[in-house]
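Peer 1: Quick one: structure below, then a few questions.
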Amino acid sequence: MAVLFLPSSSRCLFLALMLFLTNISAQTQQLSRTNFTCPVDSPPSCETYVTYIAQSPNFLSLTNISNLFDISSLSISKASNIDEDSKLIPNQVLLVPVTCGCTENRSFANISYSIKTDDYYKLISATLFQNLTNYLEMEDANPSLNPNLLPLDAKVVAPLFCRCPSKNQLNKGIKYLITYVWKANDNVTIVSSKFGASQGDMLTQNNFTDAANLPILIPVTNLPKLDQPSSSGSISSSKKLPVIIGISLGSAFFIVVLTLSLVYVYCLKMKRLNRSTSLAETA
C-alpha cells in the first residue's frame, strides 16, 4: 500500500484523516436509518403528526411546547386526547400536528426557531426537539449561518423528519405516518399497540437496527386516541368517577352501621338500667 512509503508524520496525518472520514460516514449513516425521501406518488405536502415527550422542567406545559412548535396549544390537546388546561407529567406522550413537505427530495416539517443564549445545533436538535431532527440537517437547512457562531435572536429552520403516505399506502387505508423517536427500551409490540398500528406495516417502513434515539415512522389508519394519564397519577378523570362513587357509598354505609350500633348499645344499656331499677323497687 502506498501509504506505507510515506514519512511517519505524513502517515499519521493520513491515518487520522481516514479515521475522521470514516467516523463522519458512519455518523451520517447512523442519523438516517428510516427512509425519509419523498415517494414519487405522494402528495407534495400533507398534514401529519410528530410525537413529543413532556419533560421537566421547561416542557411540562402545553403553552411552552406549543410555543416551541409555533402552533396553538388547543391543536396539541385535541390530537393528544387531553384537556387544554391539563398539567402534564414527565414522559407523557403528545401528538403535535405539523405540515410535512418535500425539500430537495427529502421530507421535512420546517419549524422556525429563534436562537437563545448558548444555543447550538446539537442542543436544539437533541434536547429541545428530542432528536426529531439532527444537527447535520439543521446546518444544511441554514447555510447562511455559521453553526459555531449563531447570532442571538436569529431565526433558524429546524427540519423535523416526516413523510406523507404514498398512493399505495393511502389505498391501504394508511392516513398518517407519525414520526416517533425510538427509545432503547421500546419494542414493536408495545409501540404498535400504543398507537394502534400494524406491526407488519411498522417493520416494512423502518429499519430498527441500532434505531435508539432515531426517528422512525408509525403508519396508522386513524389518528390514535392516546391513553393519557392524569396529572395526579395513572388514573384518568373518566376512571376516577366510579372510584369516588364507591368511596362515598362505602363511607355512607359505614356511618349508618356505626349509628345503628350506637343506638343498639344505648337501648341495651337503658334496658339493663330499667331492669335494675325494677328489682330495687321490688326489694
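The values are calculated or read from the model by the stated rules, or taken from the named source; none is laboratory data. Predicted, not measured: the structure shown is a model, and the values here were computed from it. A quick note on method: Cβ atoms are made from the backbone with ideal geometry, for glycine too, and the neighbour counts reach across all protein chains shown. These area figures cover heavy atoms from the full protein model, side chains too; ligands, DNA and RNA do not enter into them. Shrake-Rupley method; radii C 1.70, N 1.55, O 1.52, S 1.80 Å.
Peer 1: Any residue in the range 194-216 that is closer than 23 Å to I53 by Cβ sitting within a Cβ distance under 6 Å of a residue that is in a loop (DSSP other than H, G, I, E, B) and among the β-branched types (V, I, T)? List the pairs, counting only those 6 or more apart or interchain.
Peer 2: From residues that are closer than 23 Å to I53 by Cβ, the pairs are N206/T34; I216/T34.
Peer 1: Look at F108 and say whether it is in contact with a Gly (Cβ under 9 Å, 6 or more places away or on another chain), at pLDDT 95 or above and aromatic (F, W, Y).
Peer 2: yes
Peer 1: So which of V181, V156 ends up being more than 17 Å from L62 (Cα to Cα) and either in contact with a Phe, Trp or Tyr (Cβ under 8 Å, 6 or more places away or on another chain) or polar (S, T, N, Q) (or both)?
Peer 2: V156
Peer 1: Which residues, taken from the range 134-171, are part of a loop (DSSP other than H, G, I, E, B), without any contact (Cβ under 8 Å) to a residue 40 or more places away in the chain and not small (G, A, S)?
Peer 2: Once the filter is applied, which keeps residues that are part of a loop (DSSP other than H, G, I, E, B), without any contact (Cβ under 8 Å) to a residue 40 or more places away in the chain and not small (G, A, S), the range 134-171 yields N142, P143, L145, N146, P147, N148, L149, L150, P151, L152, D153.
Peer 1: Sticking with this one: Cβ contacts < 6 Å: first residue aromatic (F, W, Y), restricted to the range 107-133; second residue part of a loop (DSSP other than H, G, I, E, B), any location; separation 6+ or different chain. Result?
Peer 2: Partner pairs satisfying both residue conditions: Y121/P147.
Peer 1: Here is a further query. Any chance you could count how many residues in the range 90-114 are crowded, with 18+ Cβ neighbours inside 10 Å and assigned to a loop (DSSP other than H, G, I, E, B)?
Peer 2: Going through the range 90-114 one residue at a time, the tally reaches 1.
Conditions (1) under 21 Å from V96 (Cα atoms); (2) open to solvent by less than 30 Å² (accessible area, probe 1.4 Å); (3) of a type in the set (F, W, Y), marked per residue:
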| position | (1), (2), (3) |
| --- | --- |
| A158 | yes, yes, no |
| Y176 | yes, no, yes |
| T179 | yes, yes, no |
| N187 | no, no, no |
| V191 | yes, yes, no |
| L203 | no, no, no |
| L217 | yes, yes, no |
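Peer 1: Would you check if P215 is out of contact with any helix residue (DSSP H, G or I) (no Cβ under 9 Å at 6 or more places or on another chain) and either at pLDDT below 95 or of a type in the set (A, V, I, L, M, F, W, C) (or both)?
Peer 2: Against the criterion (out of contact with any helix residue (DSSP H, G or I) (no Cβ under 9 Å at 6 or more places or on another chain) and either at pLDDT below 95 or of a type in the set (A, V, I, L, M, F, W, C) (or both)), P215 does not qualify.
Peer 1: Inside the range 47-73, can you point out the residues that are free of Cβ contacts under 8 Å to residues at least 40 places away in the same chain and in a helix (DSSP H, G or I)?
Peer 2: Passing the criteria: L62, T63, N64, I65, S66, N67, S73.
Peer 1: Consider S66 carefully, then state whether it is modelled with pLDDT of 90 or more, open to solvent by 10 Å² or more (accessible area, probe 1.4 Å) and closer than 22 Å to P215 by Cβ.
Peer 2: no
Peer 1: Name the residues in the range 219-230 that are within 22 Å of L88 (Cβ to Cβ), open to solvent by 20 Å² or more (accessible area, probe 1.4 Å) and modelled with pLDDT of 85 or more, would you?
Peer 2: Correct list: L223, K225, D227.
Peer 1: Another question, if that's okay. Select from the range 74-89 the residues that are open to solvent by 20 Å² or more (accessible area, probe 1.4 Å) and not in a loop (DSSP other than H, G, I, E, B) and list them in ascending order.
Peer 2: Selection gives L74, S75, K78.
This table checks each residue for (1) farther than 30 Å from L60 by Cα; (2) in a helix (DSSP H, G or I); (3) at pLDDT 70 or above; (4) of a type in the set (F, W, Y).
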position: L241; (1), (2), (3), (4): no, yes, no, no
position: I247; (1), (2), (3), (4): yes, yes, yes, no
position: F254; (1), (2), (3), (4): yes, yes, yes, yes
position: V257; (1), (2), (3), (4): yes, yes, yes, no
position: L260; (1), (2), (3), (4): yes, yes, yes, no
position: V265; (1), (2), (3), (4): yes, yes, yes, no
position: L268; (1), (2), (3), (4): yes, yes, yes, no
position: S278; (1), (2), (3), (4): yes, yes, no, no
